[in-house]
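Engineer: One structure, pasted below without further comment.
The values are calculated or read from the model by the stated rules, or taken from the named source; none is laboratory data. Treat the numbers as computed from the prediction; the structure is a model and nothing was measured. When we count neighbours, we look across all protein chains shown, and the Cβ atoms used for this are built from the backbone with ideal geometry, even at glycine.
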């Protein structure tokens, strides 16, 4: 078996063969030893692992590594299995274009240790690491899309307000809504800039409102029936009855016909 500490080129060869054995289309890029410098940090920072791989990177300098990239941008990180005579560590790499908030609540697809046989390693990655990686990646993409989506617009509504026995609608800005109101018996009052549906026949009036509501719903426009705001009587205050005298009963106004 090879000694990864003296035969650093073997990792590159292993990664190249491995890329050809994984499902889909993958390419391999080998990052050689740079004289003991730790400037592979730009790659190790993207390793998406909270288990064996990140522990190895904390204990040993990553002097060389390889990155496998699938045609959809999915990446795998390959490094020596430090402290062992053989084998490699394979870890997922986080997408670089997703905001940090998109990773909240997503479990890391922790990496795995594989033998130095790229064919068996490909099987382990295909059946163990990749399913977890693809699931986590999909969750991050979903979260990122939700974060960048504009808030849903408030649904448009037509408010019909009772005025005595009539229904009154403020003139809408959309001509198609105005046409529907006109088609269903609402008359335009230019002085008040409103549409009015008279209450001469309550059954006929209700049928017209339902029909207009149905047409408006086809335009994704809702209908709200609203009572006018209560108007308090001005300048009137109930007088307190003399001591020992009961208060006069209050008359109950008749209910307005709806």
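Engineer: What is the number of the single condition among (1) out of contact with any strand residue (DSSP E or B) (no Cβ under 6 Å at 6 or more places or on another chain); (2) within 30 Å of residue 46 (Cβ to Cβ); (3) assigned to a helix (DSSP H, G or I) that residue 150 does not meet?
Structural biologist: All conditions pass for residue 150, except number (3).
Engineer: Can you confirm whether region 116-124 contains a residue that is within 24 Å of the chain's Cα centre (by Cα) and either assigned by TED's automatic domain parsing to the domain that holds residue 15 or free of Cβ contacts under 8 Å to residues at least 12 places away in the same chain (or both)? Before the answer, list the steps.
Structural biologist: Residues of region 116-124 that are within 24 Å of the chain's Cα centre (by Cα), as a first pass: none.
Looking through region 116-124, none of the residues is within 24 Å of the chain's Cα centre (by Cα) and either assigned by TED's automatic domain parsing to the domain that holds residue 15 or free of Cβ contacts under 8 Å to residues at least 12 places away in the same chain (or both).
Engineer: For region 18-42, which positions are at pLDDT 90 or above and in a helix (DSSP H, G or I)?
Structural biologist: Matches in region 18-42: 18, 19, 20, 21.
Engineer: Considering 84, 127, which residue is at pLDDT 95 or above and either assigned to a strand (DSSP E or B) or assigned by TED's automatic domain parsing to the domain that holds residue 24 (or both)? Steps first, answer last, please.
Structural biologist: Values: 84 fails: at pLDDT 95 or above.
Of the residues listed, the single one that is at pLDDT 95 or above and either assigned to a strand (DSSP E or B) or assigned by TED's automatic domain parsing to the domain that holds residue 24 (or both) is 127.
Engineer: Oh, and also: Spot the failing condition for residue 134; the list is (1) closer than 30 Å to residue 20 by Cβ; (2) part of a loop (DSSP other than H, G, I, E, B), and only one is missed.
Structural biologist: Among (1) closer than 30 Å to residue 20 by Cβ; (2) part of a loop (DSSP other than H, G, I, E, B), the lone unmet condition for residue 134 is (2).
Engineer: Could I ask something else about it? Among the residues of region 179-212, which ones are within 41 Å of the chain's Cα centre (by Cα) and touching a residue at least 24 places away in the same chain (Cβ under 8 Å)?
Structural biologist: Of everything in region 179-212, those that are within 41 Å of the chain's Cα centre (by Cα) and touching a residue at least 24 places away in the same chain (Cβ under 8 Å) turn out to be 180, 181, 183, 184, 194, 195, 208, 209, 211, 212.
Engineer: Which condition breaks for residue 157 when tested against (1) in contact with a helix residue (DSSP H, G or I) (Cβ under 8 Å, 6 or more places away or on another chain); (2) outside any helix (DSSP H, G or I); (3) touching a residue at least 40 places away in the same chain (Cβ under 8 Å)?
Structural biologist: Only one criterion is unmet by residue 157, namely (1).
Engineer: Of these, 113, 56, 66, which one is assigned by TED's automatic domain parsing to the domain that holds residue 24, in contact with a strand residue (DSSP E or B) (Cβ under 8 Å, 6 or more places away or on another chain), surrounded by fewer than 16 Cβ atoms within 10 Å (Cβ to Cβ) and under 18 Å from residue 10 (Cβ atoms)?
Structural biologist: Values: 56 fails: surrounded by fewer than 16 Cβ atoms within 10 Å (Cβ to Cβ); 66 fails: surrounded by fewer than 16 Cβ atoms within 10 Å (Cβ to Cβ).
On inspection, the qualifying residue turns out to be 113.
Engineer: Also, I was wondering about something else. Can you tell me which residue within region 160-178, out of those that are assigned to a loop (DSSP other than H, G, I, E, B) and surrounded by fewer than 12 Cβ atoms within 10 Å (Cβ to Cβ), is farthest from the chain's Cα centre (by Cα)?
Structural biologist: 164
Engineer: Only one of (1) assigned to a loop (DSSP other than H, G, I, E, B); (2) over 34 Å from the mean Cα position of the chain (by Cα) fails for residue 95. Which number is that?
Structural biologist: Result: residue 95 fails condition (2) only.
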